[in-house]
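J.: The structure's right below; bear with me while I get my questions together.
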Amino acid sequence: MSTWRDRDERKRGRDDYDVPDGPPYSKRGRRSDPSGYRGRGGGAWKDERKVELSTEEKLVSLIERVGNDTKGLLENTIQSLADILIPEMDEYKDKIMQTIMRCAREYSEKMSIYSTLVGALNMKKSDIGEEFVDLLIEDLKSALTMNKFLSVKSLVRFLSDLTNARVVPLSSIVSLYDTLITVTYEPGISQLRSDWYTYVLLSSLPWVGGELQQKRQVELDRLLSAIGGYMSKRTTNYLPALQSWQSDRPYPQRDQLDLLWSQVLKMKEEGWKEGVLVRPYAPLESELSSAYGHPLPNIIIPGHTLDSAYPLPSTVFRCIGESDLPPHVGPSLPQSESINRYLITDIISSIINSHTGNRKACAHQLNVVIERLHHLPVEYMTAEVLFGFIFTLPVPPHSLLYYGSLTIELCKLRPATYPVILTQLIDILFSQLDHINFVVAERFAWWFSYHLSNYGYHWDWSKWVWCLQCAPDSPPCWFVKQVFERCSRLGSHEVFSELVPDDFKPLLTPPNDSYYLYAEDGVQGFEVAKQLVESMKAKVPLERLKEVLDGTDIGNNSEEQLLELKVSILTHCILHIGDKTISHCFTALHKFRSLLLELLETENAKLYCLSAVGEFFEENTQLHCLVIDRLVRQELIDNGSIIKWCFTSSNHPDFTSRLFWDILRSSFSRVNKSLLQCEKELEEIKEKLQKTTGLDELVDGTEDKQELEWKIQELEEKVEERSTEQKEVFLSTCRYLIESLCSHLSTCDEEGTDYETTWYTCITDNTRQLLIQYHTVYRQYSYSLESDCFGGGVDLRVQEIYKQFQGIL
Amino acid sequence: MASAPTLSNYRDHKADIDPDDYQQLLVQSTTLYVGNLSFYTTEEQIYELFSMAGDVKRVIMGLDRHKKTPCGFCFVEYYEKSAASIAVKYINGTKLDGRIVRTDWDAGFKEGRQYGRGRRGGQVRDDYRNDYDEERGGFGGRHQQIRDAEYEDDRGFGGGRRHRFSEPGGKKDLSESMET
């Protein structure tokens, strides 16, 4: 352990600018590289440029890194930095201020350092403080009108902390808080709106609670009782739809706002003390208090509009407790209801949220926090927060690849400790799979196989050998199967299966294979298929191929049966011809598209085609999904038919399989994206038209205008068409799912068996997730949803899903 | 942000395009260049990893000019720019099939670019490598002639994993056979 730490120390020592001692920077930008590096030949210019930072870049870098070095007194470092910045203000004021604001947002663990810096600047020149506050207020106003909720949160918090640095008077913050809490009194608004503003207020209190208690106790008490009143009347019946854990085991997963309220109350009980934040303004109090505070203007919270999409409620994911940690660190883990747990978790989440563009910088910043708070098990909490992000329901805020690649970076930065912690958490999660939401379990399987693929698939499977005794459809078995399937797709099946211990081999999926129905004589249609494949290979013109296919004869059977056979033969033959790689398959589909198109006129024909694809790729789920997607994009099959096939055909995929949900999800996403795309195009053209009307005096403009109007008409029809498709796909899926659930329930009730099977939880969890993920769409159709899908006759246990969904809106 | 493709380290040196236009192409691009692949990595594996960023439109395997077998690079084209940008940000520098892959913006695929431009038919970098890299055809060009023979005997050179994708009976063959 000492090795990596030493190495890291050395590295930091070299990189970091020592603010108080060394020559801070050379104003003329002279190269001051002590290593005497001489650029030589190609590529040297890059390094040269790195060395020659401009004054502006140096200032930015100083601001960014202030406080990273733990040597020396922090307050002195900040004051020295303020001394450096003051003379530069004339030339670089904007850049300096913007940088300080950005840093306070991005490096949220250092926010108070930046508050103190602003305090120190304000102390020396109060007009700087004033301008800074004006800038913050401008930002806050625009964030409020533009619904940038995360910015609102960090700005209110920064303003609150500026009272500690005596830049903003306490009375101003009290009235800002009063403004925020009045939102909860607005009549008939969505709970999401009042929740959000209450959350912003509560999440700032840890910074100023102590000050308020001391100096504004009456106002604070009034504020807290107002929050308490609001908290007691809000409902959280949506919780089951957002929880990763289905029960309070292993750890209760509480509503985020609820938990924060308990944490703040507990903090109050303990005299507003916390043990996480760095507060460098405290030792400077006497000096800072001589400065002039700048009152805030009145802030008006914009009213609710249709565009304001407030953040969905969320829950706080927990997977570690004191007993899960090694004995020497366990006791230092802050209790779930301690404000310290909130503060650390919030710092970690903010860093992760604000570094999505650069995972390496993010890992580095997290490492800084882990090292700064080395007396607390921050590394464990980082892993917990990252899992929390990956498992967020309905969907994580950023791409799963971000969290996955960030975890890899953390393993690289902390090779001695982080992988060990991960292993421990993986074991905890695996042992609790019985209580985990299905959608979450699937994400866990995704992440785990992705992670393994980056580490040569090394895993000690033997410690999970107990799961082999469980039922084949039990969550642990299901999970291992999922991981195996993903691993054998990411690596090669051949290589991966060699790494799996023998007793686990039965859980391996068979290698990808295709099934060409017309390979052997005796199958109806064998002759035609044989001839068709030969003609395809012989580059025969498409018309000739059509003749071959039309030669299909099935005696006395009906037209419909003939169509079914023809579609099956053609689909099988095309897939057989392209059965080499994905590209070959797509080329073949492209080549023979027109032949298929001619046949696929009716919905039944489309279902026959999907069934043939299902037969052919029964043992190749990857291509199965890709080919279905390609068929839709080539406009051979529509999304509605896919949904119908998924639920009604005789060979539809198993409802608990990944394939089934992958197909459903990609249909949803295609339908949604294509509608959004159309709407966007329409919007753009309408805007264009408006501009041309402004210039209606232009004679040659009239023709364009006409053209635009036609285009608009065309697009409007398209939008209409697409939204009908969307409504159909979204509602019919919902109807089918509910029907399946209800029939399962009534069968179980009749037979007197337990209804909560793996199958049942899998479907309910996925249905809830889909409803919430597309809540904006479903909300438009809430009338149909209520009457057609969740109407009167539906089992109460299924109606519960709808109630939870409604609770979120 | 990451979609500032001016920072793309990769550039198609043979593209006969004005630098400004080239930048413009990069800005609009939904195509990535993917490098440092194993010769044995299949299209299926590439689809599996890159689909995690979003729907993949097509993958074009880089091929040895002479042998028409994969030579360690490919182009991945997405339907959406945002998906491509996720892949550039988060797949670059992580592993595929045990190798750290490199992903960069590409100005868009043109016929002919799928072939290696090295003297030996593969990528130029494999002509100049000094190490032995089994997954990239053994030694680099400089050592190949001298050392390959020695290795062929005791390492069963080329006897490991097989290419599923090999051009002679592969893609080219398919497209030719389908010329109607």
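The values are calculated or read from the model by the stated rules, or taken from the named source; none is laboratory data. Please read all numbers here as calculations on a predicted model, not as lab measurements. Ideal geometry is used to build each Cβ from the backbone, glycine not excepted, and the neighbour counts take in all protein chains shown.
J.: Looking only at the stretch A:173-202, how many residues end up being over 23 Å from the mean Cα position of the chain (by Cα), under 15 Å from A:His304 (Cβ atoms) and not β-branched (Val, Ile, Thr)?
T.: 7
J.: Within the group A:Ser354, A:Ser338, A:Ser332, A:Ser350, which residue is of a type in the set (S, T, N, Q) and buried (at least 20 other Cβ atoms within 10 Å of the Cβ)?
T.: Criteria check complete, one pass: A:Ser350.
J.: Here's another thing I want to ask about it. Can you find, within the stretch A:355-366, the residue that is farthest from the other protein chains (Cβ to nearest Cβ) among those that are assigned to a helix (DSSP H, G or I) and either within 22 Å of A:Thr315 (Cβ to Cβ) or free of Cβ contacts under 8 Å to residues at least 60 places away in the same chain (or both)?
T.: A:Leu366
J.: If you go through the stretch A:706-755, how many residues are closer than 15 Å to A:Val798 by Cβ and basic (Lys, Arg)?
T.: 1
J.: Return yes or no: is A:Thr648 buried (at least 18 other Cβ atoms within 10 Å of the Cβ) and of a type in the set (Ser, Thr, Tyr)?
T.: no
J.: Being assigned to a strand (DSSP E or B) and either more than 8 Å from chain A (Cβ to nearest Cβ) or not polar (S, T, N, Q) (or both) is true for just one of B:Leu37, B:Leu49, B:Leu25, B:Leu32. Which residue is that?
T.: None of the others qualify; the one that does is B:Leu32.
J.: Restrict the check to the stretch A:663-674 and report whether at least one residue is free of Cβ contacts under 8 Å to residues at least 12 places away in the same chain and either over 25 Å from A:Phe592 (Cα atoms) or not assigned by TED's automatic domain parsing to the domain that holds A:Trp710 (or both).
T.: Yes.
J.: Among the hydrophobic types (A, V, I, L, M, F, W, C), outside any helix (DSSP H, G or I) and within 30 Å of A:Asn340 (Cβ to Cβ): does that describe A:Leu393?
T.: Yes, satisfied.
Per-residue answers, yes or no, for (1) within 9 Å of chain A (Cβ to nearest Cβ); (2) at pLDDT 85 or above; (3) out of contact with any Cys (no Cβ under 6 Å at 6 or more places or on another chain); (4) crowded, with 22+ Cβ neighbours inside 10 Å:
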| residue | (1), (2), (3), (4) |
| --- | --- |
| B:Gly93 | yes, yes, yes, no |
| B:Thr103 | no, yes, yes, yes |
| B:Tyr115 | no, yes, yes, no |
| B:Arg120 | no, no, yes, no |
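J.: Given the criterion more than 14 Å from every other protein chain (Cβ to nearest Cβ), crowded, with 17+ Cβ neighbours inside 10 Å and among the hydroxyl-bearing types (Ser, Thr, Tyr), identify the matching residue among A:Thr571, A:Thr581.
T.: A:Thr571
J.: Given the residues A:Tyr774, A:Tyr778, which is the only one that is under 18 Å from A:Thr392 (Cα atoms), under 23 Å from the mean Cα position of the chain (by Cα) and either touching a residue at least 40 places away in the same chain (Cβ under 8 Å) or loosely packed, with under 15 Cβ neighbours inside 10 Å (or both)?
T.: A:Tyr774
J.: Further question: Given the options B:Arg58, B:Arg65, B:Arg129, name the one that is closer than 24 Å to A:Gln622 by Cβ, among the charged types (D, E, K, R) and either touching a strand residue (DSSP E or B) at 6+ places or on another chain (Cβ under 9 Å) or surrounded by fewer than 18 Cβ atoms within 10 Å (Cβ to Cβ) (or both).
T.: Of B:Arg58, B:Arg65, B:Arg129, the one residue that is closer than 24 Å to A:Gln622 by Cβ, among the charged types (D, E, K, R) and either touching a strand residue (DSSP E or B) at 6+ places or on another chain (Cβ under 9 Å) or surrounded by fewer than 18 Cβ atoms within 10 Å (Cβ to Cβ) (or both) is B:Arg58.
J.: I need a count of the residues in the stretch A:145-172 that are within 32 Å of the chain's Cα centre (by Cα), surrounded by 20 or more Cβ atoms within 10 Å (Cβ to Cβ) and either among the acidic types (Asp, Glu) or more than 19 Å from A:Arg222 (Cβ to Cβ) (or both).
T.: Total meeting the criteria: 9.
J.: Please go through the stretch A:395-435 and give me each residue that is more than 19 Å from B:Lys95 (Cβ to Cβ), over 9 Å from the mean Cα position of the chain (by Cα) and not β-branched (Val, Ile, Thr), ordered by number.
T.: Of everything in the stretch A:395-435, those that are more than 19 Å from B:Lys95 (Cβ to Cβ), over 9 Å from the mean Cα position of the chain (by Cα) and not β-branched (Val, Ile, Thr) turn out to be A:Ala416, A:Gln424, A:Leu425, A:Asp427, A:Leu429, A:Phe430, A:Ser431, A:Gln432, A:Leu433, A:Asp434, A:His435.
J.: Under 7 Å between Cβ atoms, which residue pairs at least 6 apart in sequence (or on different chains) link something in the stretch A:787-809 that is under 22 Å from A:Trp196 (Cβ atoms) with a partner that is surrounded by fewer than 17 Cβ atoms within 10 Å (Cβ to Cβ) and among the basic types (Lys, Arg)?
T.: Listed pairs, sorted by first residue: A:Leu809/A:Arg779.
J.: Separate question: One residue is enough: does the stretch A:652-672 have a residue meeting the conditions outside any helix (DSSP H, G or I), buried (at least 21 other Cβ atoms within 10 Å of the Cβ) and either small (Gly, Ala, Ser) or more than 12 Å from every other protein chain (Cβ to nearest Cβ) (or both)?
T.: yes
J.: Can you confirm whether the stretch A:470-485 contains a residue that is in a loop (DSSP other than H, G, I, E, B) and over 22 Å from A:Ser431 (Cα atoms)?
T.: no
J.: Please pick out the residue among A:Trp446, A:Trp459 that is closer than 22 Å to A:Ile320 by Cα, surrounded by fewer than 21 Cβ atoms within 10 Å (Cβ to Cβ) and under 20 Å from the mean Cα position of the chain (by Cα).
T.: Matching residue, one of A:Trp446, A:Trp459: A:Trp446.
J.: Six or more apart or on different chains, Cβ under 8 Å: which pairs go from a residue in the stretch B:89-105 that's closer than 15 Å to B:Phe75 by Cβ to one that's part of a helix (DSSP H, G or I) and of a type in the set (Val, Ile, Thr)? Could you list them?
T.: That search, which allows pairs on different chains as well, returns B:Leu96/B:Ile46; B:Thr103/B:Val88; B:Asp104/B:Val88; B:Trp105/B:Val88.
J.: Any chance the stretch A:489-510 includes a residue that's touching a residue at least 24 places away in the same chain (Cβ under 8 Å) and touching a strand residue (DSSP E or B) at 6+ places or on another chain (Cβ under 7 Å)?
T.: Yes: one or more hits.
J.: Shifting gears a bit: Residues of the stretch B:60-87 being touching a Cys at 6+ places or on another chain (Cβ under 7 Å) and either farther than 18 Å from B:Tyr10 by Cα or more than 8 Å from chain A (Cβ to nearest Cβ) (or both), which ones?
T.: Result: B:Gly62, B:Leu63, B:Asp64.
J.: Has the stretch A:416-423 got at least one residue that is surrounded by fewer than 15 Cβ atoms within 10 Å (Cβ to Cβ) and either within 14 Å of another protein chain (Cβ to nearest Cβ) or under 27 Å from A:Asp248 (Cα atoms) (or both)?
T.: Yes, the stretch A:416-423 contains a residue that is surrounded by fewer than 15 Cβ atoms within 10 Å (Cβ to Cβ) and either within 14 Å of another protein chain (Cβ to nearest Cβ) or under 27 Å from A:Asp248 (Cα atoms) (or both).
J.: Here is a further query. Residues of the stretch A:602-621 being within 14 Å of another protein chain (Cβ to nearest Cβ) and surrounded by 19 or more Cβ atoms within 10 Å (Cβ to Cβ), which ones?
T.: A:Phe617, A:Asn620, A:Thr621
J.: Further question: Which ranges mark the helices (runs of 4 or more DSSP H) fully within the stretch A:502-602 that have 2 or more residues being of a type in the set (D, E, K, R)?
T.: A:526-537, A:542-550, A:559-577, A:593-599
J.: Now, a different point. At positive phi and not β-branched (Val, Ile, Thr): is that true of A:Gly522 in this structure?
T.: When the stated conditions are applied, A:Gly522 passes them.
J.: Out of the residues in the stretch B:7-28 that are of a type in the set (S, T, N, Q) and in contact with a helix residue (DSSP H, G or I) (Cβ under 7 Å, 6 or more places away or on another chain), state the one that is surrounded by the fewest Cβ atoms within 10 Å (Cβ to Cβ).
T.: The extreme case among them is B:Gln23.
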